[in-house]
Amino acid sequence: MTDVAGLRVGHATRSGDGWLTGTTVVLAPEGGAVAAVDVRGGGPGTKETDALDPRNVVQKVDAVVLTGGSAYGLDAASGVMAWLEERGRGVPVGTDPAHVVPVVPAACVFDLGRGGNFRARPDAATGRAAVEAAAASAPGARVREGCAGAGTGAVAGQLKGGVGTASAVLGSGVTVAALVVANAAGAVVDPETGVLYGELFQGRVEYPEARVHEAARRRLDAAASKNAPPPLNTTLAVVATDADLTKAQAQKLAGTAHDGIARAVRPVHLLHDGDTVFALATGARPLGGHPLALNDILAAGADLVTRAIVRAVRAAESVDGPGGVWPSYGELYGGR
């Protein structure tokens with residue numbers, strides 16, 4: 001994500017003593033970034049998404065918040081808003097430069113009780129910690145993947161989920177990147193072979209040995225028997241580019257990026273999912289007059305979301321605690 005110049009990412013992670021949750025903030029450069037959203041899950045938990053409709057007045061945002069804690073965790077956005085207000089960043093609402101209203105869209109994943117304590121969830125202080133971490137990070141700093149920030153308590157099917165990122169530079173010189181929180185109710189692994197669905201779209205696939213796959217299935221079945229009923233889950237993503245997009249074009253990018261989730265998670269966009277994709281455009285590079293220029297960005301956004309989900313699952317670490325048991329893909333099938 002930070003390969004898009006000007007964007008910074010910060011995590012606030014809480015684990016242990018009943019906690020297994022956190023918040024991730026994508027911080028835009030000074031002046032903000034054009035933003036849009038596409039929500040396709042049947043049970044979304046979001047904040048300020050209506051403001052991103054191309055028909056509405058807000059053009060740019062200064063940050064996007066992804067958080068654990070279900071709807072309770074959306075309070076993390078308040079901490080980000082307060083931090084932005086202190087720096088005069090937001091929509092001007094008067095003659096005094098200090099009079100601003102930061103527009104901070106947010107979306108949450110369900111991870112309540114996964115650390116053992118149902119009331120251990122992000123709040124405004126968690127959001128402030130995440131945005132401060134983003135602001136303090138160096139330009140282009142590598143984003144921690146796996147069990148960090150909003151991915152701390154994430155679960156992908158029967159496996160441990162987490163945060164993943166991916167980026168690409170197109171032939172036009174435009175950079176496109178994606179950051180996901182893989183917390184899907186659907187499976188990310190083909191039950192017949194043990195291959196990650198997302199890797200089927202990335203060229204050559206290395207199939208696990210049959211004995212390894214059988215052992216993994218036994219472990220997953222044993223873990224599932226110890227867990228609560230089927231989870232209320234969500235996959236969140238932020239797709240970003242340095243191209244100069246309108247809000248309508250950014251909304252199209254957010255929509256096509258959902259295809260990346262559908263390639264990596266099966267089934268997807270269910271009633272109890274809150275699948276949400278945000279799009280950010282910093283506007284540093286002209287889109288160009290060629291009609292295919294936008295198509296290249298749209299296609300890349302979907303591909304990168306798929307790659308980021310794969311990276312999230314591969315980077316995740318197993319959890320065996322009072323809130324549940326979720327083996328990691330790496331533990332079951334080996335890293336690569």
Per the filter on the range 194-212, residues at pLDDT below 85 and open to solvent by less than 40 Å² (accessible area, probe 1.4 Å) are Val205
By residue number, the members of the range 16-74 that are free of Cβ contacts under 8 Å to residues at least 24 places away in the same chain and either outside any loop (DSSP other than H, G, I, E, B) or open to solvent by less than 10 Å² (accessible area, probe 1.4 Å) (or both) are Asp50
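Quick check on this structure: which one of Asn227, Asn233 is closer than 16 Å to Asn183 by Cα, polar (S, T, N, Q) and surrounded by fewer than 16 Cβ atoms within 10 Å (Cβ to Cβ)? Outline the logic, then answer.
Numbers: Asn233 fails: surrounded by fewer than 16 Cβ atoms within 10 Å (Cβ to Cβ).
When all the criteria are applied, what remains is Asn227.
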Note on the range 138-162: residues on the phi > 0 side of the Ramachandran plot and part of a loop (DSSP other than H, G, I, E, B) are Gly140, Gly157
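For every residue, the table says whether it meets (1) part of a helix (DSSP H, G or I); (2) surrounded by fewer than 16 Cβ atoms within 10 Å (Cβ to Cβ).
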| position | (1), (2) |
| --- | --- |
| His269 | no, no |
| His272 | no, yes |
| Val277 | no, no |
| Leu280 | no, no |
| Ala284 | no, no |
| Val310 | yes, no |
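Suppose the filter is of a type outside the set (S, T, N, Q) and either within 20 Å of Pro122 (Cα to Cα) or modelled with pLDDT under 95 (or both); does Ala63 pass it?
On the way: of a type outside the set (S, T, N, Q): yes; either within 20 Å of Pro122 (Cα to Cα) or modelled with pLDDT under 95 (or both): yes.
So Ala63 passes the test.
Taking the stated definitions as given, is Lys247 touching a strand residue (DSSP E or B) at 6+ places or on another chain (Cβ under 9 Å), closer than 21 Å to Gly6 by Cβ and surrounded by fewer than 21 Cβ atoms within 10 Å (Cβ to Cβ)?
yes
Considering only the range 93-109, how many residues are open to solvent by 50 Å² or more (accessible area, probe 1.4 Å), in a loop (DSSP other than H, G, I, E, B) and in contact with a helix residue (DSSP H, G or I) (Cβ under 9 Å, 6 or more places away or on another chain)?
Matching residues across the range 93-109 total 1.
Could you please let me know if Arg87 is over 19 Å from the mean Cα position of the chain (by Cα) and closer than 30 Å to Gly16 by Cβ? Spell out how you get there, then give the answer.
Numbers: over 19 Å from the mean Cα position of the chain (by Cα): yes; closer than 30 Å to Gly16 by Cβ: no.
So Arg87 does not fit the description; no.
Determine whether Ala257 is buried (at least 22 other Cβ atoms within 10 Å of the Cβ) and either part of a loop (DSSP other than H, G, I, E, B) or modelled with pLDDT of 95 or more (or both). I'd like the intermediate steps shown before the answer.
Numbers: buried (at least 22 other Cβ atoms within 10 Å of the Cβ): yes; either part of a loop (DSSP other than H, G, I, E, B) or modelled with pLDDT of 95 or more (or both): yes.
Answer is yes for this residue.
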| said: When you scan the range 60-80, do you find a residue that is in contact with a helix residue (DSSP H, G or I) (Cβ under 8 Å, 6 or more places away or on another chain), more than 24 Å from Ala148 (Cα to Cα) and of a type outside the set (A, V, I, L, M, F, W, C), even just one? | reply: no
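Taking the conditions exactly as written (open to solvent by 50 Å² or more (accessible area, probe 1.4 Å) and over 30 Å from Gln249 (Cβ atoms)), does Ala82 satisfy them or not? Break it down stepwise before answering.
Values: open to solvent by 50 Å² or more (accessible area, probe 1.4 Å): no; over 30 Å from Gln249 (Cβ atoms): yes.
No; evaluated as a whole, the condition is false for this residue.
The values are calculated or read from the model by the stated rules, or taken from the named source; none is laboratory data. Keep in mind it's a predicted model, so treat the numbers as computed, not measured. All Cβ positions, glycine included, derive from the backbone under ideal geometry; neighbour counts span all protein chains shown. Ligands, DNA and RNA are stripped out before the accessible areas are found, and what is left, the full protein with its side chains, is counted by its heavy atoms. Shrake-Rupley method; radii C 1.70, N 1.55, O 1.52, S 1.80 Å.
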